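A short worksheet on the structure shown next.
The values are calculated or read from the model by the stated rules, or taken from the named source; none is laboratory data. These numbers were taken from a predicted model, which means no experiment stands behind them. Cβ: placed from backbone, ideal geometry, glycine included. Neighbour counts: every protein chain shown. The accessibility values were calculated without ligands, DNA or RNA, using every heavy atom of the protein model including side chains. Shrake-Rupley method; radii C 1.70, N 1.55, O 1.52, S 1.80 Å.
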Amino acid sequence: MKKKDNGELTLLQKYRIRRALKDPVLFAEQILGVSLWEREVEILRSIKKQRRTAVKACHGVGKTFTIAIATLWWLARHPEGIVLTTSPTQRQVRTQLWSEIHRLVKLAKVPFPKLKTTELKFRGDNNFAMGFSTNQGENFQGYHGKQVLIICDEAPGI
């Protein structure tokens, strides 16, 4: 998004950003600059509205791409939002979901904070995403926030 000469956003740009923060589909299109197909839209809208969303689908249809978008939207939308992501192995966390998050951040139309391999602090200590893998469910305990999103990628292996 292009800023005014003084570095500030225009009123129209501020309005568009506020709208995009309320809707993960608009966020994907206007902030991340990506196009979605109908199932990806359906998944994102479900994450926004439902307490639980499960997606059963074949390989290569965009599930990981969509949850990478959901991760970034959740952090941007919720000032005290936390996203915990997991997959069956740490290698999958790093090379699949978090590589997709890194790619989306690079393509974004607005700057994002610097990413670590599997961690992103958005506004500070109460607004972050992290990816990890564990064979002990209790390792997910201890993360508290006003809005917590837990994402399990490749669920059959978890």
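Charge tally around Phe65: other residues with Cβ under 10 Å, Lys/Arg +1 each, Asp/Glu -1 each, net 0. Ranked by the mean number of other Cβ atoms within 10 Å of their residues, highest first, the peptides 122-128, 8-14 come out as 122-128, 8-14. Ligands, DNA and RNA left out, the 1.4 Å accessible surface of the stretch 32-132 is 50% carbon and sulfur atoms.
Extension gain for Lys14 to Lys109 (0.36 nm times residue separation, less C-alpha to C-alpha distance): 32.8 nm.
Taking all protein chains as they are arranged and a probe of 1.4 Å, the heavy atoms of Ser133 leave approximately 30 Å² accessible to solvent.
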